[in-house]
Amino acid sequence: MRTSKRSSGYALADVKHDDGSFDITPLIVGSQGTLGVVSEAIIALTPFNPATTLIAIECADLDVAEEAVEQILPFGPSALEMVDGHLLTALHKGNPALLKGVIDPPFPDIVLLAEFDDESGRKRAVKAKKISKALTGIASTVKISEDFDEQEALWTIRRSAAAIMSHSEGGKAAIPIIEDGIVPRDKFKALLNGLYALLKKHHLDVAVWGHAGDANLHVQPMMDLSSLGDRQRAFKLMDEYHKLVLSLGGSLSAEHNDGRLRAPYLEVQHGKEMHGLFAAVKAIFDPHNILNPGVKFGTTNKDLVGKLRDSYSVEH
């Protein structure tokens with residue numbers, strides 16, 4: 001799997017080192033409390049530079065966004081984020097004041113936010129200038145900012161995802177059922193195109209954002225869980241979207257792990273043999289299945305039906 005990150009299953013490949021030594025830390029990290037309880041941890045920190053350069057790029061379509069990402073990545077951004085026009089349109093409809101003066105309709109298909117935190121201001125300026133030159137004539141708009149307050153305003157575009165998550169209208173809310181798929185970077189456009197086709201097929205509005213540099217999408221379709229049709233549609237959408245991600249060589253969990261929601265798909269993603277190894281590890285650490293039962297293992301879609309509420313909000 002050629003994805004830049006994955007949090008699905010257990011990190012078995014990272015336990016044994018080349019020198020023959022073992023370290024179970026990678027096994028515990030990402031196990032979601034299914035293997036043990038961590039009472040103490042030592043973490044490593046990286047230096048923080050509050051002075052950054054932020055570049056906001058408006059892209060008329062996916063082809064432009066794909067080209068922009070390829071131009072930006074060689075310069076080593078500390079962040080390369082994206083939101084799509086669906087999210088901005090939904091937010092503008094529900095809370096037009098939030099983005100006022102930052103970005104105005106009609107919204108582009110994709111907005112990219114590339115941040116650079118090199119300690120040298122001159123180095124950041126050189127990178128920004130080269131990127132701006134490379135994207136001239138490609139992107140609709142390229143805005144470079146060194147000012148903290150202006151950057152905070154531009155980051156509102158990305159942070160608007162939090163606003164849409166808490167918004168509901170006419171019984172519909174943004175539901176996190178297919179929200180962490182990742183694919184190889186060269187398959188990012190294919191993932192977005194496939195996603196939009198699925199949503200059109202099921203007549204669903206959607207909010208999409210994520211990490212363009214990693215080809216990692218957070219997707220939350222607008223659904224009414226009090227409607228039997230939407231409750232049934234949710235499971236169909238999960239099946240079809242997960243198949244799409246896996247067909248592109250991706251992982252269903254990049255950052256947010258498996259939980260109960262993706263447990264039914266663990267064997268589909270990793271194969272019967274690897275899934276058996278995961279289960280064997282679980283049995284060694286937790287032979288009586290008392291640590292988060294149902295997380296990663298032992299949950300089917302039928303079980304999920306019984307856990308599905310008839311409404312959704314972040315208050316849950």
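Select one label from (i) 34, 27, 18; (ii) 44, 22, 16; (iii) 53, 21, 16: the one whose number is semi-axes √(5λ) of the Cα gyration tensor in Å as derived from the coordinates shown.
Answer label, from the structure shown: (i).
Counting only heavy atoms of the protein chains, get the accessible area per residue of the range 96-138 (1.4 Å probe) and round it to a whole Å² value.
Dividing the accessible area of the range 96-138 by its residue count gives 58 Å².
Rounded, prolate or oblate, given the Cα gyration tensor of the range 101-223, with a/c below 1.5 counting as rounded?
prolate
Using only alpha-carbon positions, what ratio does the radius of gyration of the range 219-316 give when scaled by 2.2 N^0.38 Å?
Relative to the 2.2 N^0.38 Å estimate, the range 219-316 comes out at 1.18.
In a GNM of the chain with a 10 Å cut-off on Cα contacts, which of 268, 69, 183 has the highest mean-square fluctuation?
Greatest mean-square fluctuation among the candidates belongs to 268.
Taking the chain as a Gaussian network, where each spring joins two C-alpha atoms under 10 Å apart, which residue of 128, 280, 60 fluctuates the most?
280
Could you go through the range 39-51 in sequence order and give the Karplus-derived ³J(HN,Hα) for each residue, using 6.51 cos²θ - 1.76 cosθ + 1.60 with θ = phi - 60°, rounded to whole Hz, and x for Gly and Pro?
For the range 39-51, the Karplus curve yields 9, 7, 9, 10, 10, 9, 10, 10, x, 10, 10, x, 8 Hz.
Evaluate the charge dipole of the range 133-184 about its Cα centre and quote only its size in Debye, nearest 20, assuming +1 on the Cβ of each Lys and Arg and -1 on the Cβ of each Asp and Glu.
Once rounded to the nearest 20, the dipole reads 240 debye.
Starting from the range 235-277, pick out the trypsin sites (Lys or Arg not before Pro) whose DSSP state is loop and whose Cβ has at most 11 other Cβ atoms within 10 Å.
none
Indicate the gyration tensor shape class of the range 175-262 (rounded, prolate or oblate), computed on the Cα atoms with a ≥ b ≥ c the square roots of the eigenvalues: a/c under 1.5 is rounded; otherwise a/b larger than b/c is prolate and the rest oblate.
In terms of gyration-tensor shape, prolate.
Given the rule -39500 (n - 2.57) for each run of at least 4 DSSP H residues, summed and divided by the residues of the chain, what is its mean residue ellipticity at 222 nm, to the nearest 500 deg cm²/dmol?
Helix contribution divided over all residues of the chain: -11500 deg cm²/dmol.
Taking a ≥ b ≥ c as the square roots of the Cα gyration tensor eigenvalues, with a/c under 1.5 meaning rounded and otherwise prolate when a/b beats b/c, else oblate, which class fits the range 58-168?
prolate
Grab the other residues whose beta carbon is less than 14 angstrom from that of residue 22, score K and R as +1, D and E as -1, and report the net.
Local charge sum for residue 22: -3.
Report, in listed order, any pair from 187/243; 200/236; 272/296; 189/296; 100/143 with a Cα-Cα distance greater than 19 Å.
189/296
Could you give the accessible area per residue of the range 155-268, probe 1.4 Å, as a whole number in Å²?
Per residue, the range 155-268 has 37 Å² of solvent-accessible surface.
Please give the charge dipole size of the chain, origin at the Cα centre, charges +1 on K and R Cβ atoms and -1 on D and E Cβ atoms. Round to the nearest 20 debye.
Magnitude of the dipole: close to 640 debye.
Net charge near residue 78, counting Lys/Arg +1 and Asp/Glu -1 over other residues with Cβ under 14 Å of its Cβ?
My count for the surroundings of residue 78 gives -2.
For residue 310, what accessible surface area do you get with a 1.4 Å probe? Give it in Å², rounded to 10.
Residue 310 has an accessible surface of roughly 100 Å² with all protein chains in place.
First select every other residue whose beta carbon is under 15 angstrom from the beta carbon of residue 244; then total the charges, Lys and Arg +1, Asp and Glu -1.
+3
In whole percent, and with a 1.4 Å probe on the protein chains, what portion of the accessible area of the chain is carbon and sulfur?
Here it works out to 54 percent.
Please express the shape of the range 13-57 as an equivalent ellipsoid: the semi-axes are the square roots of 5 times the eigenvalues of the C-alpha gyration tensor, given largest first in whole angstrom.
With the √(5λ) rule applied to the range 13-57, the semi-axes are 32, 16, 13 Å.
The values are calculated or read from the model by the stated rules, or taken from the named source; none is laboratory data. Keep in mind that this is a model prediction, so the values were computed, not measured. Note: ideal-geometry Cβ built from the backbone for every residue, glycine included; neighbour counts use all protein chains shown. Heads up: the accessible areas ignore ligands, DNA and RNA and are worked out on the full protein's heavy atoms, side chains in. Shrake-Rupley method; radii C 1.70, N 1.55, O 1.52, S 1.80 Å.
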